[in-house]
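Visitor: Following this message is one structure expressed as structure tokens.
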Amino acid sequence: MTNTREITLTVNGTERSTEVEPRRLLVHAIREDLDLTGTHIGCDTGNCGACTVLVDGEPIKSCLMFAAQADGSEVMTVEGMEDLPESDGLHPLQEGFHEEHGLQCGYCTPGMLMAGKALLDENPDPDEAEIREAISGNLCRCTGYQNIVKSIEYAADKLAAQPAADGGTVAIDGDAGPAAAGSAADGPEPFEGYEVDGEFTCGAENCCGGPATDAEHTGGDNV
Amino acid sequence: MKAANFEHHEPTSVSKAVSLLESLEEPTILSGGQSLVPMLRFRLARPDTVVDINGIDELDYLHEEGGYLKIGALARHADVEDSELIEERYGSFADTVPLVADPQIRNRGTIVGSVAQADPKGDWGSVLIAHDGEVVATGPDGERTVPIDELFLLPYDTSLDEDELITEARVPIPVEREGSAYHKLKRKTGDYAMAGVAARLIFDDDGRIEDAGIGMTAVDITNVRASDAEERLGGERPDPELFAEAGELAAEQSNPESDEHGDASYKERMVEVLTQRALGDAAERAGVIKRRVSP
Ligand SMILES: Cc1cc2nc3c(=O)[nH]c(=O)nc-3n(C[C@H](O)[C@H](O)[C@H](O)COP(=O)(O)OP(=O)(O)OC[C@H]3O[C@@H](n4cnc5c(N)ncnc54)[C@H](O)[C@@H]3O)c2cc1C
Ligand code: FES
Ligand code: FES
């Protein structure tokens, strides 16, 4: 019985299609079909969290989901972090792991980064208990977790300090973030956005396509 | 190991799911997949066809209606975690959810999938027992309700027919002077229980126990009811000695196995302790006792 079907995923902002058998796990599709080997396989049974990716913004274990089930979804893997608006080469979380020695062998790191990203997206100012809870599905053989917690704290601080100009706090749906709120009276912040595969996107869900296509943004990037 | 190959069906309505279940030979239902995917990988299950219910939007709900808290088959553990309704009024549910697995698994796994899995170590079965819950099973002949005590037969075996799926789990909405709690002993974050106890107490105007429900996790071949302890509590006023006695009765009725995590007598002793704690919390949440919190 060879029954395959084509699935389409938006992976790190880019649409990708691949043929899969129903039994193909998402983690294998990501690593082997899409050649994104940053997502690791540790235990294969849902215990270690090394395979954590975001599907439609939620952290899940990609060894416990069939690829076909993700058809039509947005998937984010560790490779997508550098393209985020808040990244300057490295994402603040990646920088945090570097600065605070959050890794040793690095095997668990991609999963830790994705779990950390999901946490900070929902809760920009987590306390230590909340950080430990968020990474409780991710095992690390090396670090004792203390420095991983510090790394995520580092990223939270850095993101909070990032001016809206960096795209770190992009106002979505009129909900200006804390950094943007302070300067609202001074008129709109310069807006930079970022590019993925040559296409401009600001990170907002309904991105207008950027300065070239929307006059409203001309006061930003092109100032 | 890879799962054996199977055909993947994705019905978008309950009626389509039921007709698939009826027409296919030995189909397996896939909901959150957090228990099923590992079973397929280890080839403990080798179905030819998998009926994936994740696309049936009508099963995605968690609300009070018609006297019940109704949990649709696609309500994930995380939906219970995020629910204000649960936080305010369903102590045992709020206690349980952070103790189930970890955040990633809670984003996918469902309460209904968990009871359908009928794992004696599953936490939700005990909570439903304590609340006198039931599940709604839908098959070719329509819906029927199955009291939770009649659902679990053996480890990983339920009384469902092959062409039935559980569309909903439900418990009666709490009345006034009702409280509930769940206590679980585990070795580390994210682990299954070594022992767990869910308790629910309803008090009458007089402050006496009108109804008690106690469900136990991981201490028998299925989730089980501590009926002797429940009976002992009926008509009594809450006090520590009574709860200690109920704990002893629950322990006597439990039937744990010795394993690498502890021997049977240790687990029985844990049932005793967990029962007392769960009853204490339930009575406190019902507003009939105040306990001194140690400094
Ligand atoms: C590492 C790890 C730790 C875990 N820790 C805990 C824990 O501490 N406590 C706990 O309680 N659980 C734990 N679990 C299990 C987890 O909670 C699962 O989510 C849950 O038991 C199964 O739910 P599911 O929706 O994923 O079901 P699935 O895995 O999709 O299905 C489970 C079984 O139920 C059947 N089924 C599913 N839905 C239906 C339906 N609607 N009608 C009829 N049959 C159905 C399936 O055919 C299958 O046999 C853990 C799992 C893992 C991987
Ligand atoms: S490889 Fe998925 S949780 Fe370990
Ligand atoms: S750094 Fe080695 S496993 Fe975490």
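Visitor: With a 1.4 Å probe on protein heavy atoms only, work out how much accessible surface A and B bury together, total over both chains, in Å² to the nearest 100.
Guide: Approximately 2500 Å² gets buried when A meets B.
Visitor: I need the P(r) histogram for chain B: all alpha carbon pairs, bin width 10 Å from 0 out to the longest distance, whole percents.
Guide: Result returned by the calculation: 7, 29, 34, 21, 8, 2, 0.
Visitor: What angle, in degrees between 0 and 90 and rounded to the nearest 10, separates the Cα long axis of helix B:240-253 from the longest principal axis of the Cα atoms of chain B?
Guide: Computed tilt is about 40 degrees.
Visitor: Accessible area per residue for the protein assembly as shown in Å², computed with a 1.4 Å probe and the full protein assembly in place, what is it? Don't skip to the end; give the middle numbers.
Guide: On the way: 23540 Å² over 518 residues.
Dividing the accessible area of the protein assembly as shown by its residue count gives 45 Å².
Visitor: Let me ask you something else. Answer with one residue from B:Ala181, B:Ala118, B:Thr12: the one whose Cα lies farthest towards the positive end of the charge dipole of chain B, charges on Cβ with Lys, Arg +1 and Asp, Glu -1.
Guide: The Cα lying farthest towards the positive end belongs to B:Ala181.
Visitor: Could you state the number of Å between the C-alpha centres of the range B:1-75 and the range A:95-144?
Guide: The distance from the Cα centre of the range A:95-144 to that of the range B:1-75 comes to 32 Å.
Visitor: Could you tell me how many degrees, from 0 to 90 and to the nearest 10, lie between the Cα long axis of helix B:14-23 and the main elongation axis, the longest principal axis, of the Cα atoms of chain B?
Guide: Roughly 60 degrees between the two axes.
Visitor: Translational diffusion coefficient of the range B:1-128 at 4 °C, 1.567 mPa s, Stokes-Einstein with Kirkwood Rh over Cα pairs, in µm²/s as a whole number. It would help to have the intermediate numbers written out before the result.
Guide: Details: Rh = 15.5 Å.
The calculation lands on 83 µm²/s.
Visitor: Can you tell me the order of B:189-196, B:137-144 when each peptide is scored by its average per-residue count of other Cβ atoms within 10 angstrom, highest first?
Guide: B:189-196, B:137-144
Visitor: In the range B:153-294, carbon and sulfur make up what percent of the accessible area (probe 1.4 Å)? Don't skip to the end; give the middle numbers.
Guide: Values: 2910 of 6830 Å².
For the range B:153-294, the apolar C and S fraction of the accessible surface comes to 43 percent.
Visitor: Highest first, please rank the peptides B:148-161, A:131-144 by the mean number of other Cβ atoms sitting within 10 Å of their residues.
Guide: Per-residue Cβ counts within 10 Å, averaged per peptide and sorted highest first, yield A:131-144, B:148-161.
Visitor: To the nearest 500 deg cm²/dmol, what mean residue ellipticity at 222 nm is calculated for the protein assembly as shown from DSSP H runs of n ≥ 4 alone, each contributing -39,500 (n - 2.57), summed and divided by the residues?
Guide: Theoretical 222 nm ellipticity from helices: -8000 deg cm²/dmol.
Visitor: Return one number: the angle in degrees, 0 to 90 and rounded to the nearest 10, between the long axis of the Cα atoms of helix B:264-285 and the longest principal axis of the Cα atoms of chain B.
Guide: 80 degrees
The values are calculated or read from the model by the stated rules, or taken from the named source; none is laboratory data. All figures in this text were calculated on a predicted structure; none of them were measured in a lab. Methodologically, a virtual Cβ is constructed for each residue, glycine included, from the backbone with ideal geometry; neighbour enumeration extends over all protein chains shown. Ligands, DNA and RNA are stripped out before the accessible areas are found, and what is left, the full protein with its side chains, is counted by its heavy atoms. Shrake-Rupley method; radii C 1.70, N 1.55, O 1.52, S 1.80 Å.
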